[in-house]
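A.B. asks: First, the structure itself, so that you have it in front of you.
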Amino acid sequence: MSFKKMMLVVAALALTASFAVAKTNVPGQNRLGVDRTDLHAALYQGSAISSYSEGFEGAFPPAGWSQGITDPATTWFQSTSPYEGSYNAGCQWQASVQQDETLSFDQLVDVAGGEYVLSFFAAGSVGQSWDLNDTQTVEVDGLVVWDFDSSATQYQVYEEFAVDLSAYDGQTVTITFRYAGFDGDYYQLDNVLVNDGSGPPPPPPVSFCGDLIEADGTGNFSGDTCDGVNLISALGCEAYTENGLEDYYEIEMPAGSSFTATVTNTADGALWVVGECEAVGGAFTCLGYADDTFTGDPEVVSYTNTSGSALTVYLVVDSYSSSCGTYDMVFDSTGGAVANENMSMGSVKALFR
């Protein structure tokens, strides 16, 4: 069975008493505590032209990069404390060896082609006595063009930095990230870009719009997520990362209407209410979330349309970890219910054959 949905039409009756459970999409944080707000906005405008990008997600050092090593035990390595993705580049401190560790790559600087701004995210120690024991710099052809101590403002929190390369227009330069010192501090690097200063290109859209099965109704429904996929895991409003397989329901809501979905899942269930069925990079707008119980116990999520106009939202039946299972759902809404009660998902499919 493919993705599934039901058009669950909520009647437009005025509510005498209701409550909203909508939640805004709160930016997440990475392991170092950085708020994942779009920091590019402060530096970048316009559409992205990215001639080079490296997030350290593959082989290390990356293809085309060279590594200078003085202490193999504490040199640059592939770390698991990224700003984005799963990995980054990190360099540990050493209290018994003088370190001089480098990561370098060559880049053609082409102002006309839109390749003249180096940007990257870095995190390290700020305001500690050991800060004076090391230096973290960026060099272009051996010339220091940026240093961490005079640029960073937060302790072990990723910040974005940019270096103007336009003075090197038409040249192929060697860009080096250097960590040097003795008994210093831990240093992190991620998301290295060379482009026109507009930031990275947007990620592709993630969608569950195209395989939806339509029906109208409220009441009791059943389904099975084991024939689905996992498109939603974390949106910033969740208590737990939900990597289970999913079913999708479209809900049309007149102004002032509300619904409550109670779902009992044979897996450790979770529920989302999101504002769209397609979102760039999977950044769906979180309007509601529930994961309060365990396997076999009901999860309940509610939503009220307080927008003042009709809107469409989506209910996602999910589960914790990478699990899946069968479930029963009771869908209640304000106003008169519209047919198709007590129907399984297979029965709903039969309406459209």
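A.B. asks: What number goes with the only condition from (1) touching a Gly at 6+ places or on another chain (Cβ under 6 Å); (2) within 17 Å of TRP65 (Cβ to Cβ); (3) not aliphatic (A, V, I, L, M) that ASP134 does not pass?
C.D. replies: The failed condition is (2).
A.B. asks: Out of (1) surrounded by 15 or more Cβ atoms within 10 Å (Cβ to Cβ); (2) among the polar types (S, T, N, Q); (3) under 24 Å from the mean Cα position of the chain (by Cα), the odd one out for THR218 is which?
C.D. replies: (3)
A.B. asks: Residues in the range 50-60: is at least one surrounded by 14 or more Cβ atoms within 10 Å (Cβ to Cβ), at pLDDT below 85 and of a type in the set (Gly, Ala, Ser)?
C.D. replies: So far as the range 50-60 goes, yes, one or more of its residues are surrounded by 14 or more Cβ atoms within 10 Å (Cβ to Cβ), at pLDDT below 85 and of a type in the set (Gly, Ala, Ser).
A.B. asks: Give all pairs with beta carbons closer than 8 Å in which a residue from the range 190-205 that is modelled with pLDDT of 75 or more meets a residue that is of a type in the set (D, E, K, R) and part of a loop (DSSP other than H, G, I, E, B); count only pairs at least 6 apart in sequence or on separate chains.
C.D. replies: The qualifying pairs are ASP190/GLU84; ASN191/GLU84.
A.B. asks: Only one residue in ASP106, ASP100 is part of a strand (DSSP E or B), in contact (Cβ under 8 Å) with a residue 60 or more places away in the chain and farther than 25 Å from GLN171 by Cα. Which one?
C.D. replies: Being part of a strand (DSSP E or B), in contact (Cβ under 8 Å) with a residue 60 or more places away in the chain and farther than 25 Å from GLN171 by Cα holds for just one of ASP106, ASP100, which is ASP100.
A.B. asks: Looking at (1) closer than 25 Å to ALA73 by Cα; (2) in contact (Cβ under 8 Å) with a residue 12 or more places away in the chain, which one does GLU160 not meet, given that it meets all the others?
C.D. replies: Here GLU160 clears every test but (1).
A.B. asks: Just to be sure, is ASP224 over 17 Å from VAL206 (Cβ atoms) and modelled with pLDDT of 90 or more?
C.D. replies: yes
A.B. asks: Moving to a separate point now. Taking GLY90 as the residue in question, decide whether it is farther than 17 Å from LEU118 by Cβ and in a loop (DSSP other than H, G, I, E, B).
C.D. replies: For GLY90, the condition - farther than 17 Å from LEU118 by Cβ and in a loop (DSSP other than H, G, I, E, B) - is not met.
The values are calculated or read from the model by the stated rules, or taken from the named source; none is laboratory data. Small disclaimer: the values here were computed from a predicted structure and weren't measured. Note that each Cβ is placed from the backbone with ideal geometry, even for glycine, and that neighbours are counted across all protein chains shown.
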